[in-house]
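Have a look at the structure below, then the notes.
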Amino acid sequence: MILLDYCSSLGSATIPEIGCGPTITPSPAERDELFKRFARALFRGDMDALYQVVTPDFLWSFHDGLAVTKSLQGPDAIAAHLDQQKALLSAQRFHDVVYHHAGDTSFMTFRVSETARATGEQRAQRGIERYSFADHRLATKDVYRKPF
């Protein structure tokens, strides 16, 4: 673990003698493009396009502010989640989306408004998403939302 922490602190430095290789974190412009492609694939439910911008072991963890935390890994789990969201919600709209790039991590802040399909109940939440990268792709997405 100490070696991993040390290697991570080196950024793109390479020290083959101790097993540290280059880390590959996309530039802010490359991240912005990844996020555009990621969002487009998610909103279309296109798992082939999604897995062109995420790593094969991509992990999506989230807490929607209402239930327990879920972890999604693999195209089948993500597709099932998107189908569940479509069944539960008649509308979902994101507002005030802003990306913040910090070192090897990016954050997205937002507001979201949703309408429950069964009851017509409307709810609003604030959220933040934390993203990590590997091999110029998205490796993790951690979502935290809170009703307001």
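The values are calculated or read from the model by the stated rules, or taken from the named source; none is laboratory data. Bear in mind that the values here come from a model prediction, so they are computed numbers and not experimental data. Every residue, glycine among them, receives a Cβ derived from its backbone with ideal geometry; neighbour counts consider all protein chains shown.
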I'd like the full set of residues that are in a strand (DSSP E or B) and either within 15 Å of Arg145 (Cβ to Cβ) or touching a residue at least 40 places away in the same chain (Cβ under 8 Å) (or both), limited to the stretch 94-104.
Phe94, His95, Asp96, Val97, Tyr99, His101
Which residue pairs have Cβ atoms closer than 6 Å, lie 6 or more positions apart in sequence or on different chains, and pair a first residue in the stretch 19-33 that is on the phi < 0 side of the Ramachandran plot with a second residue that is modelled with pLDDT under 85 and part of a helix (DSSP H, G or I)?
Cys20/Cys7
Only one of Phe94, Phe107 is surrounded by fewer than 16 Cβ atoms within 10 Å (Cβ to Cβ), in contact with a strand residue (DSSP E or B) (Cβ under 9 Å, 6 or more places away or on another chain) and closer than 26 Å to Asp135 by Cα, namely Phe107
Within the stretch 52-79, how many residues are among the small types (Gly, Ala, Ser) and either closer than 23 Å to Thr109 by Cα or exposed (fewer than 12 other Cβ atoms within 10 Å of the Cβ) (or both)?
4
Of the numbered conditions (1) assigned to a helix (DSSP H, G or I); (2) over 17 Å from Val143 (Cα atoms); (3) at pLDDT 95 or above, Ala39 satisfies every one except a single condition; which is it?
(2)
Under 8 Å by Cβ, and 6 or more places apart or on different chains, what pairs join a residue from the stretch 112-127 that is over 21 Å from His100 (Cα atoms) with one that is part of a loop (DSSP other than H, G, I, E, B) and of a type outside the set (D, E, K, R)?
Ala124/Phe148
Which ones in the stretch 110-133 are surrounded by fewer than 17 Cβ atoms within 10 Å (Cβ to Cβ) and among the aliphatic types (A, V, I, L, M)?
Ala116, Ala118, Ala124, Ile128
Taking the stretch 34-51 and keeping residues among the charged types (D, E, K, R) and farther than 16 Å from Thr109 by Cα leaves Arg37, Arg40, Arg44, Asp46, Asp48
Top-ranked residue in the stretch 46-75 [being outside any strand (DSSP E or B), at pLDDT below 95 and not charged (D, E, K, R); ranked as nearest to Phe148 (Cα to Cα)]:
Gly65
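Among the residues of the stretch 98-148, count how many are out of contact with any helix residue (DSSP H, G or I) (no Cβ under 9 Å at 6 or more places or on another chain), aromatic (Phe, Trp, Tyr) and within 14 Å of Phe35 (Cβ to Cβ).
Total satisfying the criteria: 2.
Residues are listed down the side, and each one gets a yes or a no for (1) out of contact with any Gly (no Cβ under 9 Å at 6 or more places or on another chain); (2) β-branched (Val, Ile, Thr); (3) part of a strand (DSSP E or B):
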site	(1), (2), (3)
Ala77	yes, no, no
Ala80	yes, no, no
Gln92	yes, no, yes
Ser106	yes, no, yes
Phe110	no, no, yes
Glu114	yes, no, yes
Ala124	yes, no, yes
Tyr131	yes, no, yes
